[in-house]
Amino acid sequence: MDLQMDKLGLSLEQTEILYNLEYYKTFNDIEMTKVPVTGEVIKELKSEWLKEWSKFISNGFESFTQISGAEMHWYSMDELQERIAANDPQKPWYRLILLEAMLFEPYYPLGTEKDKKGNDIPSKKYKHLNNPLCSFRKGEGDHFLDEQFTGKYCKQGYVKRLRRSYDKRMRELSEVLKTVLTSLTITAVIAIITVASAGAFAGPIAVALVGSNFAGLSGAALTSACLAYLGGGAIAAGGAGMLGGTIAIVGGGAAFGIGVGAGVGGAVGSAGLVGKKNTIMHSAKLLTSVREIFLNDEHDIEFSNSVYEQYLQNITEIEKGFVELRLKMDVAKGKEKKEIVETIKKAEESVKAMKVARKNMLRFNSSFAEGLQTQQ
């Protein structure tokens, strides 16, 4: 892979910092919860979710990072600030995890349960935390991150700038693709897709979404671990031929995971499973990273161009898969044929979203390059 993926990657300690930021953002939301009558009950349920989520993160950390003996450390706020300071936070990784932490929205399902027909569905244990009165408030979360984690290593209010940029990218992609995106988060969308299409989180979907991790798990345990780790949209890179020391890919790098898949039509299958809405969300995150962090902040036109090339390569890979799958469809019958037709249809929607994002990325890169030439 030509792309310098390490620029979208986090080290072990930086990955810990990301999960700590997500923890404190959720803890702050619990502290700020003010619901008439049932307030304390809601706070208790939120606290239970945070406890369950952090336990999953701790227990799955070694499998997720694929580093023998890796342990997740939960820091006090002072310790967290010390760890940030020790990791050269002027570099892009810090702004990338602010973007990830900004997009993290808690209280999504952390497992599955059976419906009346015996099918796996997302657990409803925390469903009361998703009604408007009790749900997580994005604005409050952004304010907390800006107040606690910006001003020292990036400009005060940096998270607000990232939110503005991300929302704009989401609107642009949604309008062009005529897609109505509800307030569902990336994680909630993935949770529903995952459980609905995979039963107990089929292997190919796990690979498409979180990399080749949690290899020793299956069934409900695999589902729970993967759902917990999808919170920030981070995708594991361990064992996937990435540069040494890169544990998690952030900033929309999961968009490159869409092309993962073994066998005939593997890339197409993964793109279809991820779906159009999720492709839009991850692509909007990647566009925000390129525009705000690597172009506006870093002036790194070379890296931004390499991201574009890799994204283009992914589209090409999926489109090659269409040819293979259509040949397979010609000789398939019954249920198999129907499944192939459905896979192609969903993957085509994802590719359409990727092509719109590709045009936007090309526009950003060209405009920025022209701007730099004008200044010289």
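Where a number appears in this text, it was derived from the coordinates with a stated rule and is not lab data. Just so it is clear, the structure is predicted and the values come from calculations on it, not from any experiment. Here the Cβ positions follow ideal geometry from the backbone for every residue, glycine too, while neighbour counts run over all protein chains shown.
For the stretch 24-67, the normalised intensity computed at q = 0.32 Å⁻¹ comes to -1.05 (log10 of I(q)/I(0), Debye sum over alpha carbons, equal scatterers, no solvent). Mean silhouette area of the stretch 1-105, derived from the convex hull of its C-alpha atoms and averaged over all directions, reads 8.0 nm².
Counting 0.36 nm for each residue step from residue 11 to residue 76 and taking away their Cα separation leaves a gain of 21.4 nm. Amide H contacts of residue 112: 123, each under 5 Å away and 5 or more positions distant or on a separate chain (H built 1.01 Å from N in the peptide plane; Pro and chain starts excluded). With the cut-off at under 19 Å, measuring from each backbone N in the stretch 63-82 to a point 7 Å along the Cα-to-Cβ line of residue 221 picks out 63-72.
Does a label point 7 Å from the Cα of residue 128, set along Cα-to-beta-carbon, have any residues of the stretch 38-75 with amide nitrogen under 19 Å, and which are they? Within reach of a label on residue 128, which here means backbone N under 19 Å from a point 7 Å along Cα→Cβ, the stretch 38-75 contributes 38-53. Here the label points at residue 336 and residue 302, each 7 Å from Cα along the C-beta direction, are separated by 5.0 nm in the simple model. For the stretch 279-328, the square roots of the Cα gyration tensor eigenvalues, ordered a ≥ b ≥ c, give a/c of at least 1.5 with a/b no greater than b/c, which places it in the oblate category.
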